[in-house]
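Each value in this text was obtained by applying a stated rule to the coordinates, not by laboratory testing. Here the structure is a predicted model, which is why all the values come from computation and not from measurement. Backbone-built Cβ (ideal geometry, glycine too); neighbour counts: all protein chains shown.
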Amino acid sequence: MQLKFLLLLESFLMILPKKIRKSFFSFLGILGYHISKKYRKIAYQNLHYAFDGEKSDKEIDEITRYAFKNLMYNFLHLMELRHMNKEELQNKITVQNIEVVKKVHDEGRAVIYVTTHYCSWELGGASLGAFVEPLAAVYKKLKNSEYESWLLKARSSFGNTNLEKTNVIKPLIRLIKNGGASGLLIDTNMSKNEGVTVKFMGKTIRQTSTPAYLARKFNAAIIPVTITTDDEENYTLMLFDEIPVEKTDDEKADVLKATQLQADWLTSIIVKEPKFWFWLHRRWKSDHPQIYKN
């Protein structure tokens, strides 16, 4: 029933002019900010903690408002991707620094893209598949299987595939050995028995070590990637230089160092433009639960 309603809403919205469709989702973002006290509070807590009081209450509120709107834009982009052709997507996207990927492939190595919930992450993933190379994106299984099916179909519109997070290491290894590309998020909350401890936004936190481990073991390249915009109409897919992974006699130290470099990269883009990051989830829940208490 929920899926039927979603598909009906999608059909109606896609008939409307693009400007009206965007205005509708902007309104949903504003509405979400006002009615969702829980997630508004989480964003405030995250921002106060991450910036140590360097941001004023006004700045924090403005970033929080945009976080709600940006989430709705990602939902809008998912919907539009289901109806978009490659030429239409190309009219929205500029790819920056694709040479780093070509260099890696010229060396006969596979690429592990590390990415984040930043700006239009849904457009970013689709653009990678369409204009750089198809990749297998690792995702966390959703409770609602019907919505998950809708979501994954949108994400695979331009050649990407999806790998569910549970027991994903062996499929990733096979993919890398065959020269395929994968995409892993590095900014989700992790339990204390996962990943390694790094500094992110100046705070200790657990972060996945899978990209560094796989890159080290199979000589793959870690390439950070994100997407940004100045006008919410035209977007730049930004490919960053490869993050080096050393291979010394100390595997743990090598993995930790490369994982910290990923956290440094993510910190740098958030500090530069904080409004685009997904402040509505409890990123520090496992490591610093006290910040989410009343």
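Regarding residue 99, is this residue surrounded by 14 or more Cβ atoms within 10 Å (Cβ to Cβ) and either at negative phi or within 16 Å of the chain's Cα centre (by Cα) (or both)? So residue 99 does not fit the description; no.
Residues considered: 95, 104. Of these, the only one that is β-branched (Val, Ile, Thr), in a helix (DSSP H, G or I) and in contact with a strand residue (DSSP E or B) (Cβ under 6 Å, 6 or more places away or on another chain) is 104. Within segment 9-35, residues that are free of Cβ contacts under 8 Å to residues at least 40 places away in the same chain and under 16 Å from residue 65 (Cα atoms) have Cβ atoms under 8 Å from residues that are in a helix (DSSP H, G or I) and of a type outside the set (Ser, Thr, Tyr) in these pairs: 24/13; 30/65; 30/68; 30/69; 33/40; 33/65; 33/68; 33/69, counting only partners at least 6 apart in sequence or on another chain. Evaluate segment 137-152: report whether one residue or more is touching a Phe, Trp or Tyr at 6+ places or on another chain (Cβ under 8 Å) and on the phi < 0 side of the Ramachandran plot. Yes: segment 137-152 contains one or more residues that are touching a Phe, Trp or Tyr at 6+ places or on another chain (Cβ under 8 Å) and on the phi < 0 side of the Ramachandran plot.
Do you know which of the residues in segment 12-46 that are farther than 17 Å from residue 77 by Cβ and of a type in the set (S, T, N, Q) is farthest from the chain's Cα centre (by Cα)?
Taking segment 12-46 first, the residues farther than 17 Å from residue 77 by Cβ are 12, 15, 30-31, 33-46.
Still in the running and of a type in the set (S, T, N, Q): 36, 45-46.
Values: 36: 22, 45: 21, 46: 17 Å.
In this case the residue turns out to be 36.
Among what's in segment 236-250 and is over 15 Å from the mean Cα position of the chain (by Cα) and crowded, with 17+ Cβ neighbours inside 10 Å, pick the residue that is farthest from residue 93 (Cα to Cα). Taking the candidates together, the pick is 245. A residue that is aliphatic (A, V, I, L, M), surrounded by fewer than 14 Cβ atoms within 10 Å (Cβ to Cβ), free of Cβ contacts under 8 Å to residues at least 60 places away in the same chain and out of contact with any Asp or Glu (no Cβ under 9 Å at 6 or more places or on another chain) can be found somewhere in segment 159-172. Residues in segment 173-189 that are surrounded by 12 or more Cβ atoms within 10 Å (Cβ to Cβ) and either within 15 Å of the chain's Cα centre (by Cα) or not in a helix (DSSP H, G or I) (or both): 179, 180, 181, 182, 183, 184, 185, 186, 187, 188, 189. Considering every residue within segment 118-125, establish whether at least one is free of Cβ contacts under 8 Å to residues at least 60 places away in the same chain, buried (at least 16 other Cβ atoms within 10 Å of the Cβ) and assigned to a helix (DSSP H, G or I). For segment 118-125, residues free of Cβ contacts under 8 Å to residues at least 60 places away in the same chain, buried (at least 16 other Cβ atoms within 10 Å of the Cβ) and assigned to a helix (DSSP H, G or I): present.
Residues of segment 126-160 that are in contact with a helix residue (DSSP H, G or I) (Cβ under 9 Å, 6 or more places away or on another chain) and either assigned to a strand (DSSP E or B) or among the hydroxyl-bearing types (Ser, Thr, Tyr) (or both): 127, 135, 136, 137, 138, 139, 147, 149, 156, 157. Restricting attention to segment 1-24, does a residue exist that is crowded, with 16+ Cβ neighbours inside 10 Å and either among the hydroxyl-bearing types (Ser, Thr, Tyr) or touching a strand residue (DSSP E or B) at 6+ places or on another chain (Cβ under 9 Å) (or both)? No, that holds for no residue.
Residues in segment 36-53 that are in a loop (DSSP other than H, G, I, E, B) and free of Cβ contacts under 8 Å to residues at least 12 places away in the same chain: 53 only. Filter segment 210-246 down to the residues that are among the polar types (S, T, N, Q) and touching a strand residue (DSSP E or B) at 6+ places or on another chain (Cβ under 9 Å) and list them by number. Scanning segment 210-246 gives 210, 226, 228, 229, 234, 236.
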